[in-house]
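*Asks:* Can you read through this structure? Questions will come right after.
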Amino acid sequence: MMTAGDLSWRNQDLGTRVRVALWLRDEVGAGGIFSKAALRAAITGAEQVDRRMRDLRPAGWVIKTNLDRPSLQPDQLYLEEIGTPVWEREHRAAGLRQISAKTRRYVYERDRHMCRRCGVGAAEAYPGEPDSHARLTLGHVSSHASGGGTHAENLITECARCNELVRNLTGVQMDAAQVWERVKALPRRSKQELFEWMEADGRPLRPVDQAWGMYRQLPAALRDEMRRDLQDLLES
């Protein structure tokens, strides 16, 4: 049985979502204001802290942004209500919808291991940012909080940067008129290309693009080995 000391947000043996929930309960409290920076500084030794915080919402935790409460600063959040006590063992999975390994693998392969929003490949540097490399994750077409499922048709491959951007824009997505203005501003050739993508309901990739995406998802050591093998093949 866990003691009170074990159920502390400082306990790095606990899952990240549980630690986030305990930190919000103990350090912020219902009606309190906090920042993502403060949350990240507290929950050390963990990945995707922001995402684990958002995963509390389907479990009844009401966390508002400045889009919901204009009095908040852009970097502030408001804990309106503490939901299900996910630190209790019987509630650990509350609000979670697990994506199976089979589905995850299928979606990554279907999307050629590339972000469907910006086109960056796994571990590829962002344009103009050689020191910033993409990490791929899965995003929902219809959000988890809105009841979207975890079937492949509702999942797309996104880089962590686009995934975070889309989540922050939830509720203030561009409307059809705004998108149409962007479309009309494209050169005629680009309009034609976009129309063809719309007709096909997808953006076709050349075989070399597909091979690049698959190559980028390999571990670094295997990428180095494959690069040398290709160099030898080209020089033979």
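The values are calculated or read from the model by the stated rules, or taken from the named source; none is laboratory data. Please read all numbers here as calculations on a predicted model, not as lab measurements. Using ideal geometry, Cβ is built from the backbone for each residue, glycine included, and neighbour counts are taken over all protein chains shown.
*Asks:* Given the structure, is Leu39 out of contact with any Lys or Arg (no Cβ under 8 Å at 6 or more places or on another chain), farther than 30 Å from Ala211 by Cα and surrounded by 19 or more Cβ atoms within 10 Å (Cβ to Cβ)? Outline the logic, then answer.
*Replies:* Numbers: out of contact with any Lys or Arg (no Cβ under 8 Å at 6 or more places or on another chain): yes; farther than 30 Å from Ala211 by Cα: yes; surrounded by 19 or more Cβ atoms within 10 Å (Cβ to Cβ): yes.
So Leu39 passes the test.
*Asks:* Separate question: Go through (1) loosely packed, with under 13 Cβ neighbours inside 10 Å; (2) under 21 Å from Gly139 (Cβ atoms) and name the single condition Glu90 misses.
*Replies:* It is condition (2) that Glu90 fails.
*Asks:* Sticking with this structure for a sec: Among the residues of segment 184-201, which ones are surrounded by fewer than 11 Cβ atoms within 10 Å (Cβ to Cβ) and not in a helix (DSSP H, G or I)?
*Replies:* Ala185, Pro187, Asp201
*Asks:* Also: Where in segment 1-58 are the helices (runs of 4 or more DSSP H), entirely inside, with at least 3 residues that are modelled with pLDDT of 90 or more?
*Replies:* On the way: elements: 16-23, 36-42, 49-54.
Output list reads 16-23, 36-42.
*Asks:* Show the residue pairs that are 6+ apart or on different chains and have beta-carbon atoms under 8 Å apart, the first residue being within segment 76-94 and farther than 19 Å from Val28 by Cα, the second being in a loop (DSSP other than H, G, I, E, B) and of a type in the set (A, V, I, L, M, F, W, C).
*Replies:* Arg92/Val86; Ala94/Val86
*Asks:* Shifting gears a bit: Quick one: would you say Gly45 is surrounded by fewer than 16 Cβ atoms within 10 Å (Cβ to Cβ) and touching a Ser or Thr at 6+ places or on another chain (Cβ under 8 Å)? So that I can check it myself, show each step before the final result.
*Replies:* Details: surrounded by fewer than 16 Cβ atoms within 10 Å (Cβ to Cβ): yes; touching a Ser or Thr at 6+ places or on another chain (Cβ under 8 Å): no.
When the stated conditions are applied, Gly45 does not pass them.
*Asks:* Right, here's the next one. Confirm whether Leu79 is of a type in the set (A, V, I, L, M, F, W, C) and in contact with a Leu (Cβ under 6 Å, 6 or more places away or on another chain). Give the derivation first.
*Replies:* Numbers: of a type in the set (A, V, I, L, M, F, W, C): yes; in contact with a Leu (Cβ under 6 Å, 6 or more places away or on another chain): yes.
For Leu79, the condition - of a type in the set (A, V, I, L, M, F, W, C) and in contact with a Leu (Cβ under 6 Å, 6 or more places away or on another chain) - is met.
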